[in-house]
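Encoded as structure tokens, the structure appears first; notes follow it.
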Amino acid sequence: MEAHKPAAKYALSSFYSSRTLSHNPDDRKRKITDKNIPNALLQAPEFAEDSAMYRDLLQMERKLDWTMTRKRVEVHDALQRIIPTTRTLRIFLSHTVSGQPWQREGGEAAEPNLETGENIPAWQLRIDGRMLELANSRAKDRNPPRKFSTLIKHMVVELDRDMAVYPEGNIVEWIRGANQPALDGFTIRRKGDAPTKIRIILHVEQQPEQYKLHPDLANILGIKEDSRIGVIQALWNYIKTQNLQDKMDRRVVRADARLRPLFNAESVYFQSLPELVNRLLLPPDPIILHYTLNPAIPPPEKPAAWDVEVKMDDSSLKGRMQHVVMSMASDSAKELTKLDEEIALHVQSLNNAHMKRQFLRSFADDPREFIQTWLASQSRDLETVLGSGPSEGATVRQEDLKRSEFFRLPWVEEAVAIQEGMRLAAKAGM
């Protein structure tokens, strides 16, 4: 009969329970994290249904934790990539004039002063641009507006003027450099009073980089401009739709009558498609704006405007995704940790109650035998812990200590638990 074991374990578990549920701040530092119900309680017939439900909840929790972790990793991975979106870039063109005849009193021409620059007819062209906000975007989701110079890579301004009359230069070129400051716009100043036709060529910065397709490939895929990845995906969709994969070797793509002139072969391997696509990609067409500047009349009150669609990284969506990830990592983590601690405390309390129940049931079944066995066990454990010599009754002989089988007896685990409980109790009382 092993009725003495629940008694000793109940005494030790009572000590742990009192330490765990204590309101001492130092005691609360030692947190219980085990949420698994002991096997003895799980295997009890009266708790079989409830135990099965709890195990199902733990399994569901593990699946949910795995799903949340996977989604969090996917979001982090998406934040490292470009999330393309289409935005509208509005470009403004305007001009001002100075020293023109119509600006002087009476319209009489005055003698120009070459030293001070007074009375010299001149004009200046202003090129500005800004990205329009989305129609239904919230104010808190909006990012600081980007400077106009960060939205274009290259700009050329061509002035239609007689070089013999105006030798200042009729072509102005700007190329974005690595360390150039960001600008809201560009200003071009020139001298003159004659009407001037201006052509502005803009190469816009797009993310991901856009390319113009070869005319033959554009007719096959039905797209004129797209990113490199977008073109490869469109070509792969065409291959699958036309069933051009080889039946025996799926790595081989059989060219049909439309692809054969582009591939210059009857068949190609799938891994060769990106290289073939690169050969058929061309630089995109620039944006060309025409503007007429007439210094002989007052400039218009409002600037001329053009809207251009631009592919760019969706920083607003990335900001919302980053906010969700950060809020989940901080607020939800604290709440989940608190719930886990509460569940662990309830599991510990349930274990203590079960051990107490086993103790009282063993005592109720046979009080006399239970007490005698428990006292004998405690006496033997006390002799072992204190290292006392042999005595009549329960004794520990030196010959027994030399055998490994002696330390595998049922009461050894109980003796070690009691000794550890006494050590912790003494340490807590210091």
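Would you pick out the residues in the stretch 333-346 that are among the β-branched types (V, I, T) and in contact (Cβ under 8 Å) with a residue 12 or more places away in the chain? Explain how you work it out, then say what you get.
As a first pass, look at the stretch 333-346 and keep what is among the β-branched types (V, I, T): 337, 343.
Listed by number, the list holds a single entry, I343.
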Exercise. Do you know which of the residues in the stretch 69-126 that are open to solvent by less than 60 Å² (accessible area, probe 1.4 Å), assigned to a helix (DSSP H, G or I) and of a type in the set (G, A, S) is modelled with the lowest pLDDT?
Worked result: G107
For this session: Working only within the stretch 197-227, note down all residues that are in contact (Cβ under 8 Å) with a residue 40 or more places away in the chain and acidic (D, E).
Result: E205, D216, E225
Problem set entry | K29, sole failed condition from (1) under 30 Å from L360 (Cα atoms); (2) at pLDDT below 55; (3) surrounded by fewer than 10 Cβ atoms within 10 Å (Cβ to Cβ) | (1)
Exercise. Which residue pairs have Cβ atoms closer than 8 Å, lie 6 or more positions apart in sequence or on different chains, and pair a first residue in the stretch 32-56 that is touching a residue at least 40 places away in the same chain (Cβ under 8 Å) with a second residue that is open to solvent by 70 Å² or more (accessible area, probe 1.4 Å)?
Worked result: I37/L350; L41/L350
Exercise. Here are some residues: K334, K356. Which one is open to solvent by 80 Å² or more (accessible area, probe 1.4 Å), assigned to a helix (DSSP H, G or I) and under 30 Å from M68 (Cβ atoms)?
Worked result: K334
For this session: Find the strands (runs of 3 or more DSSP E) located wholly in the stretch 149-220 whose residues include 1 or more that are open to solvent by 80 Å² or more (accessible area, probe 1.4 Å) and in contact with an Asp or Glu (Cβ under 9 Å, 6 or more places away or on another chain), and list them.
Result: 171-175, 185-191, 196-204
For this session: List every residue pair whose Cβ atoms lie under 6 Å apart, where the two residues are 6 or more positions apart in sequence or sit on different chains, the first residue falls within the stretch 172-196 and is touching a residue at least 60 places away in the same chain (Cβ under 8 Å), and the second residue, located anywhere, is polar (S, T, N, Q).
Result: T187/Q124; R189/Q124; D193/Q100; P195/N294
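Is it the case that the stretch 270-286 has a residue that's in contact with a Ser or Thr (Cβ under 6 Å, 6 or more places away or on another chain) and polar (S, T, N, Q)?
Filtering the stretch 270-286 down to residues in contact with a Ser or Thr (Cβ under 6 Å, 6 or more places away or on another chain) leaves none.
The answer is no, given that none of the residues of the stretch 270-286 is in contact with a Ser or Thr (Cβ under 6 Å, 6 or more places away or on another chain) and polar (S, T, N, Q).
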For this session: Pairs only if they're at least six apart or on different chains, beta carbon under 8 angstrom, first in the stretch 302-323 and touching a residue at least 24 places away in the same chain (Cβ under 8 Å), second in a strand (DSSP E or B) and among the aromatic types (F, W, Y); list them, first residue then second.
Result: P303/F92; A304/F92; A304/Y291; A305/F92
Exercise. Quick one: would you say S349 is free of Cβ contacts under 8 Å to residues at least 60 places away in the same chain, assigned by the TED database to the domain that holds L58 and open to solvent by less than 60 Å² (accessible area, probe 1.4 Å)?
Worked result: no
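The values are calculated or read from the model by the stated rules, or taken from the named source; none is laboratory data. In this text the structure is predicted, and so the values were computed from the model without any measurement. So basically every Cβ, Gly included, is an ideal-geometry build from the backbone, and we count neighbours across all protein chains shown. In case anyone asks, the SASA skips ligands and DNA or RNA and just uses the protein heavy atoms, side chains included. Shrake-Rupley method; radii C 1.70, N 1.55, O 1.52, S 1.80 Å.
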